[in-house]
Amino acid sequence: MKIQVRANSHSYDVVIGKGILRQSFESISSLMEKADQLIVLTDQNIWNAQGDYFSSQMPMPYDVFIMPNGEAGKTFANFEAVHTFLLEKNCTRKSFIIAFGGGAVGDLAGFVAATFMRGIPFIQVPTTILAHDSAVGGKTAINHPLGKNLIGAFYQPQIVIYDTNMLSTLPEVEIRSGMAEVVKHAMLSDEKWLHELLQLSYDKMTDEQLSTYLAKGIQVKASIVEQDETEQSVRMFLNLGHTYGHALEAAAGYGKLTHGECVMIGIIYMLLLCEEEETISPEFTNEFIQFLYRNSYPLDALDDYSFEQLKQYMIKDKKADYGELQFVLLQKMGVPFIKKVDLEMCERIDQLLRQRLTEVLR
Ligand SMILES: NC(=O)c1ccc[n+]([C@@H]2O[C@H](COP(=O)([O-])OP(=O)(O)OC[C@H]3O[C@@H](n4cnc5c(N)ncnc54)[C@H](O)[C@@H]3O)[C@@H](O)[C@H]2O)c1
Ligand SMILES: [Zn+2]
């Protein structure tokens, strides 16, 4: 399966399929021949789990830099370490970077590619479900001690090669995390697809189902990003569930709960705001909570944090105007809109969320 993404700088393909790594690299051999060096950036877990497969499929020579796992790789120190590695390997403006990993590797590798010698080409080889989101759209970033993803650039890859064989070793918690963005993409686009997803138990999901969902998710993301590459307008819709979700993720301390687990709880919060607008029924919200419960999302995570704690992060995240926060809500499935909500209402919905979880899960 192939999806074309049109960005301002250039268009590129996202190819998805089982066992497609080698043939995809071969299909871009004319591009790859221009590279004087090929550097693969990955993390230790991924290299342990998929390094042998990757090596067996790579048709050309390369060097590997293995960074700390996950979020720990998105630091200034590691950013510098990768640049040092590239310089020591005598990389030039003609060198290529391959981001072989999840969102963390992709974000770091993309930002290194954007900055090394003022920009060298890079290729995304995603290894997580979440990366169907992060590998498309050109956002790259590292973290600052004062906040996540604060330092970065918009920088597009040459191609995204999504070999779904890589997903076979993904831990359960990362499946839950990545599926949150899939559900988000369904909510933003297609009611029928969403209802299909809500029937799922992840442990029974087939490879074919997963590939189809990833392709659909990428299509939704690509079409939104094409309309608004630098987040001036419709790209904001991709923040569905993220205002409250990010606050929970930050309050927990990054790494305790996964991004997607927090986003799913943020989506329940969003649905409760929609109930206030009378655009979504309580029955739907309850069905959604049941779906999360069935798939072992940590719905009791909220017990450890007060609204006061979450509020601080929500205000910081969204630079609240005059005590109001912007939320992405749904007119109906597939039709998002932006709504300003004051902090009093935010607190009321937070209470409702805690109550509703207890009621539904009793
Ligand atoms: N740029 C964007 O548009 C964008 C969008 C969403 C999220 N992000 C970023 O993405 C990151 C989250 O991405 P993620 O969820 O993919 O997390 P991740 O990259 O941290 O990977 C999750 C964990 O799974 C391991 N792993 C990855 N692939 C594996 C595999 N195939 N087998 C076994 N283990 C594997 C990793 O080592 C890591 O420990 C965050 O830093 C977030 O800020 C960026
Ligand atoms: Zn997200």
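None of the figures in this text is laboratory data; all of them are computed from the coordinates on show. Everything numeric in this text was worked out from a predicted model, so none of it was measured. Glycine also receives a Cβ, built like all others from the backbone with ideal geometry; neighbour counts cover every protein chain displayed.
What to note about this one:
- A cut-off under 13 angstrom between Cβ atoms defines the neighbours of E229, and their net charge, with Lys, Arg +1 and Asp, Glu -1, is +1.
- Simple spin-label estimate for N149 and R354 in nanometres, 7 Å along Cα-Cβ: 2.7
- Positive-end residue, region 2-51 charge dipole about Cα centroid, Cβ charges, pick of Q4, I20, M32: Q4
- Looking at region 268-362, the chymotrypsin sites (Phe, Trp or Tyr not before Pro) that sit in a DSSP loop and have at most 12 other Cβ atoms within 10 Å of their own Cβ are Y322.
- Full-stretch length increase - T84, D207 - with 0.36 nm per residue and alpha-carbon distance subtracted: 40.4 nm
- Computed magnitude of the charge dipole of the chain (debye, nearest 20; Cβ of K, R +1, Cβ of D, E -1): 820
- In plain terms, the residue of D304, D13 with the fewest other Cβ atoms within 10 Å comes first and the most crowded comes last, giving D304, D13.
- Debye intensity ratio in log₁₀ form over the Cα atoms of the chain, taken at each q of 0.07, 0.13, 0.15 Å⁻¹: -0.29, -1.02, -1.33
- Computed Rg/Rh of region 258-362, alpha carbon atoms with Kirkwood Rh: 0.94
- Shown is the FRET efficiency for Y254 and S281, computed with R0 = 35 Å from the Cβ-Cβ distance and rounded to the nearest 0.05: 0.55.
- The fewest-to-most ranking of R176, R93 by surrounding Cβ atoms within 10 Å reads R93, R176.
- Once the Cα atoms are used to define both axes, helix 259-277 deviates from the longest principal axis of the chain by about 40 degrees.
- Convex hull projection area averaged over all views, region 1-117, Cα basis, nm²: 7.5
- Here's the picture: charge each Lys and Arg Cβ at +1 and each Asp and Glu Cβ at -1 in region 51-147, and of G102, I120, H83 the one pushed furthest to the positive end of that dipole is I120.
- Among residues other than I16 with Cβ under 11 Å from its Cβ, the summed charge is +1 (Lys and Arg +1, Asp and Glu -1).
- Remark: K316, K311, K74 ranked as K316, K311, K74, counting other beta-carbon atoms within 10 Å and listing the fewest first.
- Between S306, L353, F288, the Cα set farthest toward the positive side of the dipole of region 287-362 (charges on each charged residue's Cβ, about the Cα centre) is that of F288.
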